[in-house]
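The values are calculated or read from the model by the stated rules, or taken from the named source; none is laboratory data. Source: prediction; values computed, not measured. Cβ atoms come from the backbone with ideal geometry, glycine included; neighbour counts cover every protein chain shown. What goes into the accessible areas is simple: the full protein's heavy atoms, side chains included, and nothing from ligands, DNA or RNA. Shrake-Rupley method; radii C 1.70, N 1.55, O 1.52, S 1.80 Å.
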Amino acid sequence: MSNAAADVPAHHEWKNVAWLAFLGTIGSLCVSLILNYLLLFSETLTPFGRGMITATLLPLVICLPLFVFIGLKLAEIRRYRRELNRAATFDTLTGCLNGKVFTSLIERRAIKSSPPGERSGAFLVVHPEHLNAINLRFGLSWGDEALRLIASTIRSCVRSQDVVGRIGASMFGVFLPGTSEAEARTVGERIRASVSQVYFAPQGAEEILAVTVGGVIFEQDLDFEDMFRPAEESLSGKGGFALSRIQPASA
C-alpha cells in the first residue's frame, strides 16, 4: 500500500487538497447560514444574543474539528519524521548504529581536538562464527535472529558511553573511548562469554552461538580505517580474541 501511495502523481495530490478545501469551505458556509437562519426566527433572542450565540457556536462547530484534524496530522508527521530519523541512524535488523553513522561518529571524533586524557581508547571488531552454517541449515530468518541476539548481547556488555555499530553484513564494531587495555580485554572476553551463554534454538534444536573478537588499543584519535584495518586483521588469529596496540605517530 505504501508503494501505491508513493506512485500517486503530484497533480492528483493537489486535486485532493483542492477538493478538501472547497468542500470544507462550502460546509462551513452552510453551517453558518443555517445557524443564522434558525436564530433569525427566535423571538426570545435580542440581536446581541443572536450575535453572541453565533460567535460562540461557529468556532466550536467549525474550528474545533478542523484544529483536531490538523493536530492529528501534525502528530502523524512528527511520528513519520522520528521513524525516518531512526531508520537513517540505526540498523533495522539489530538496532545498532548503521555503518555509515558509526563511521561518521568516529571520524568526527578524530577531527575534533579532544583533551589528551580522552584520546585513548579501544576499538573492537566482533564477528559471529558459524553464521553461514546457520543460514544453510535453518534458513536466513534464523540467521537474522542469531544476529539480533548477538547484537543485543554486545550492547549489554558495554558502558552507556560506548558505541556499537553494525559495520558489515555479519560484523559489529565496538568503540570504547577512554578504555585501558585491561578494560578492553575484559569487555572482549565478556562479549565472547555472554554470547556463548545465549539460548538459541532454531527449529527446536539448541545451537551454541560464538563470536571472534579482534581489537586495537590506541593512544590518540584515529580515523575509522586506521583502527578497523588492524582490528580486522587480528580476527585471523586463532584463539577467539586478539588485541593489539597502535603506537602513537610520534613514537
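Structure notes:
- From Phe228, Phe218, Phe172, residue being touching a Cys at 6+ places or on another chain (Cβ under 8 Å), hydrophobic (A, V, I, L, M, F, W, C) and within 22 Å of Thr103 (Cβ to Cβ): Phe172
- Yes/no for Ser160 being surrounded by fewer than 17 Cβ atoms within 10 Å (Cβ to Cβ) and in a helix (DSSP H, G or I): no
- Some residue of the stretch 199-212 being assigned to a helix (DSSP H, G or I) and polar (S, T, N, Q): yes
- Only one entry in Thr153, Thr179, Thr186 is in a helix (DSSP H, G or I), polar (S, T, N, Q) and open to solvent by less than 30 Å² (accessible area, probe 1.4 Å), namely Thr153.
- Flag if Thr56 is among the polar types (S, T, N, Q), at pLDDT below 90 and exposed (fewer than 13 other Cβ atoms within 10 Å of the Cβ): yes
- Any chance Ser120 is at pLDDT below 95 and exposed (fewer than 10 other Cβ atoms within 10 Å of the Cβ): no
- One residue alone among Gly95, Gly51, Gly71 is among the small types (Gly, Ala, Ser) and either surrounded by 14 or more Cβ atoms within 10 Å (Cβ to Cβ) or part of a loop (DSSP other than H, G, I, E, B) (or both), and that residue is Gly95.
- Residue match in the stretch 198-215 (condition: touching a helix residue (DSSP H, G or I) at 6+ places or on another chain (Cβ under 8 Å), polar (S, T, N, Q) and buried (at least 19 other Cβ atoms within 10 Å of the Cβ)): yes
- Look at (1) buried (at least 16 other Cβ atoms within 10 Å of the Cβ); (2) at pLDDT below 90; (3) of a type in the set (D, E, K, R) and you find that Glu233 fails only one, number (1).
- Pairs with Cβ under 7 Å, 6+ apart, first in the stretch 47-69 and without any contact (Cβ under 8 Å) to a residue 60 or more places away in the chain, second among the polar types (S, T, N, Q): Thr54/Asn36; Leu58/Ser32; Ile62/Ser28
- Scan of the stretch 181-198 for residues that are in contact (Cβ under 8 Å) with a residue 24 or more places away in the chain and not aliphatic (A, V, I, L, M), ordered by number: Glu181, Glu183, Arg185, Gly188, Glu189, Arg190, Arg192, Ser194
- The listed residues are Arg148, Arg109, Arg166, Arg86, and the only one of them that is at pLDDT 95 or above, assigned to a helix (DSSP H, G or I) and either within 22 Å of the chain's Cα centre (by Cα) or buried (at least 16 other Cβ atoms within 10 Å of the Cβ) (or both) turns out to be Arg148.
- Of all the numbered requirements in (1) modelled with pLDDT under 70; (2) open to solvent by 100 Å² or more (accessible area, probe 1.4 Å); (3) in a loop (DSSP other than H, G, I, E, B), Leu45 misses one, and that requirement is (2).
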